[in-house]
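Below: the structure, in structure tokens.
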Amino acid sequence: MKTLENGTKFTHVAVGNLKSFEGKQFVKDASGATSCEISFGTLPTGAAVPFFHSHRINEENYIILSGSGRFQVDNEVFDVAEGSVIRVATGCDRNLKCTSVEPMTYICIQAKEGSLGDCTATDADINERENLL
């Protein structure tokens, strides 16, 4: 992961071209995030995450960016594809397998289960500011 810009209130990092991205990349260390963990992952055709895992505190949200496959939560298995979003609660096993000809690329976001107090509609302030874009 490459750091592009660093300000007092932001960090801009890049994983690069997602079409050629391979492997797994965690964002937290590169960006200095303190509220959640974000990772990018790819699975080639026929490959699965090499282990099942569960979390004690954090739920996970998987966003499938390309490809398709199968997702397993405990003993439930279902199809996923580009555009799928899967939330997985704490205390259950999960795994993911690519079944498409193209690699499966996904984002996984971890955050403390039950911690979302406010969201965009209730946590945002609209401000008057000069637009420098």
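The residue of region 54-68 that is surrounded by the most Cβ atoms within 10 Å (Cβ to Cβ), among those that are touching a Phe, Trp or Tyr at 6+ places or on another chain (Cβ under 9 Å) and in a strand (DSSP E or B), is I64.
Of all the listed residues (D79, D74, D93), the sole one being on the phi > 0 side of the Ramachandran plot and acidic (D, E) is D74. For the residues I126, I109, I86, the requirement of being assigned to a strand (DSSP E or B), among the hydrophobic types (A, V, I, L, M, F, W, C) and free of Cβ contacts under 8 Å to residues at least 60 places away in the same chain singles out I86. Within region 32-44, the set of residues being touching a residue at least 24 places away in the same chain (Cβ under 8 Å) and surrounded by 14 or more Cβ atoms within 10 Å (Cβ to Cβ) comprises C36, E37, I38, S39, F40, G41, T42, L43.
Here, each number is a calculation from the coordinates, and none is a lab measurement. Everything numeric here is computed off the predicted structure, so don't read it as measured data. Ideal geometry is used to build each Cβ from the backbone, glycine not excepted, and the neighbour counts take in all protein chains shown.
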